[in-house]
Amino acid sequence: MSRVVHFEIQADDLERAMRFYGDVFGWEFQDYGAVTGSPYWGVVTGPDDELGINGGLLGRPTGAPTPEQGTNAFVCTVGVADYDATESAILRTGGQVALPKTALPGMAWQGYYLDTEGNTFGIHQPDPDAA
């Protein structure tokens, strides 16, 4: 079974979003821009010895939906053991590639997909040899 291991929040104003989530939930932020090659903040939601997951904060790649269109900005990422096999299963069962497989150098493989309902989700395979 694969579990949700990471979430991402898209924002129009990263500083404003960090203030909001920091003030409301006490979350902390770590600059991962050197790893991702673009502005990306790791979201630390609590200590490692407590139940929960951490996430990321990044700039919104497209316009935000209007209030009655639903959401497209809080994306969960599922940890997988075999990226390519999982991608094959996604495509075989009607999913689509949203953003292709990308190396997070020295860390993992990451990509984004649309499910059969148009919802975006990510998959993530840890791999220290990813390049």
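Run through the DSSP bridge list for the range 4-126 and note the antiparallel percent, rounded to the nearest 5.
Expressed as a percentage, antiparallel bridges in the range 4-126 total about 75.
On full extension of the chain, what length is gained from Glu15 through Asn54, given 0.36 nm per residue of separation minus the C-alpha to C-alpha distance?
The span from Glu15 to Asn54 would gain 12.2 nm if fully extended.
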>> From the Cα trace of the range 4-126, what convex hull volume per residue do you get, rounded to a whole Å³?
In response: 125
> Which order results if Asp49, Asp129 are arranged by neighbouring Cβ count within 10 Å, fewest first?
Replying inline: Asp49, Asp129
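Read-outs: derived from the displayed coordinates by stated rules, not from any lab. Model, not experiment: these values are computed from the prediction. Note: ideal-geometry Cβ built from the backbone for every residue, glycine included; neighbour counts use all protein chains shown.
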